[in-house]
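See below for the structure under consideration.
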Amino acid sequence: MNLTKPIILTISSIVLLSCSSDSQFKQKLEKALTENPEIIFKAIEKNPGKFFMTLQKASQEAKQEMQQEAAKKEQAELAKAFKNPLVPKITKDDFFKGPKDAPITIVEYSDFECPFCARGRDTVEQLMKNYPGKVRFLYKHLPLNFHPQAMISAQYFEAIAMQSPKKAFEFHDIVFAKQSKLKQGEAFLTSVAKDLKLDIVKLKKDVSSEVVLNKIEEHKKEAAKFNIQGTPGFLLNGIPIRGAYPAQYFDQIINKLVQSGKLTL
């Protein structure tokens, strides 16, 4: 790859941004640097260390600015969500981990093959320990296209739930705990189902049923509606949390909901 051109453009951009606002001067300088790149290279050769330290500093400052902008955007979105929480579809047929009438509702949009979702699973478990009897957890699916075992794993979860919601969550925990074994494909999923003493004949039939496929598709559409594009994504009492944040981040939101009178524990 020829790095000469991008280096010239980068350097000239930095110089122009720090120079006089006089447009004619900028045009002449840019033309000179583009047509005579040896000017820049000679300057770099004379003091390469200082040049690269300057670039590194500029890169770090740009990164900090991006992080600050992202944080501002996130805070603005949270403020909006506190006023108008998102409302996921929850039906009488949905099943939860934890009490159905718990005051804290965590909905997760997840991918069984995503390593960050494995962290998300641990976070949910920690929150259920932090708030015993106060959390109900609803698992929804967002299988990503570049994870070849994600969709079939989601299908198994829903097909198992048709026999036993409790065993569906046991399947959920086992798959995330042994996520590396997903490379074995459906053979691994079937072995987990057998260990759970499920009706394998019924399971194999239900895995590809319209009921299962339609439910997963509904979850994907809902995630898209809420602008949850990556995994894991959560709704905590309607407040969106996009990413594998630690339990402490969820604690902060819970505390804010309590302080605002929107949640009673």
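Between Asn130 and Val201, the FRET efficiency from the beta-carbon distance, with R0 = 45 Å, is close to 0.65.
Take 27-37, 231-241, 165-175, 84-94 and order them by the average number of nearby Cβ atoms within 10 Å per residue, most first; the result is 231-241, 165-175, 27-37, 84-94. In this rough spin-label picture, where each label sits 7 Å from Cα along the Cβ direction, the Lys83-Glu65 distance is 2.9 nm.
Assuming R0 = 25 Å, what is the FRET efficiency of Lys92 and Asn227, from their Cβ-Cβ distance, to the nearest 0.05?
The formula returns an efficiency of 0.40 here.
The label point for Ser164 and the one for Gln75, both projected 7 Å from the Cα toward the Cβ, are 4.9 nm apart. Can you pull the percent of the chain's accessible area that's carbon plus sulfur, 1.4 Å probe, other chains left in place? Percent of accessible area from carbon and sulfur atoms in the chain: 55.
Our estimate of slack between Met53 and Glu186, defined as 0.36 nm per intervening residue step minus the Cα-Cα distance, is 42.7 nm.
The ellipsoid equivalent to the alpha-carbon distribution of the chain has semi-axes of 50, 25, 16 angstrom, derived from the gyration tensor eigenvalues as √(5λ) and listed largest first.
Could you do me a favour and compute the accessible area per residue for the stretch 98-142, 1.4 Å probe, result in Å²? Result: 38 Å² of accessible area for each residue. The alpha carbon centroids of the stretch 238-265 and the stretch 179-195 are separated by 34 Å.
Note on Glu210 and Lys262: the extension gain reaches 14.9 nm, defined as 0.36 nm multiplied by sequence separation minus the Cα-Cα distance.
The values are calculated or read from the model by the stated rules, or taken from the named source; none is laboratory data. Treat the numbers as computed from the prediction; the structure is a model and nothing was measured. Here the Cβ is made from the backbone with ideal geometry for all residues, glycine too, and neighbour counts use every protein chain on show. Just the protein is used for accessible areas: all its heavy atoms, side chains included, with ligands, DNA and RNA removed. Shrake-Rupley method; radii C 1.70, N 1.55, O 1.52, S 1.80 Å.
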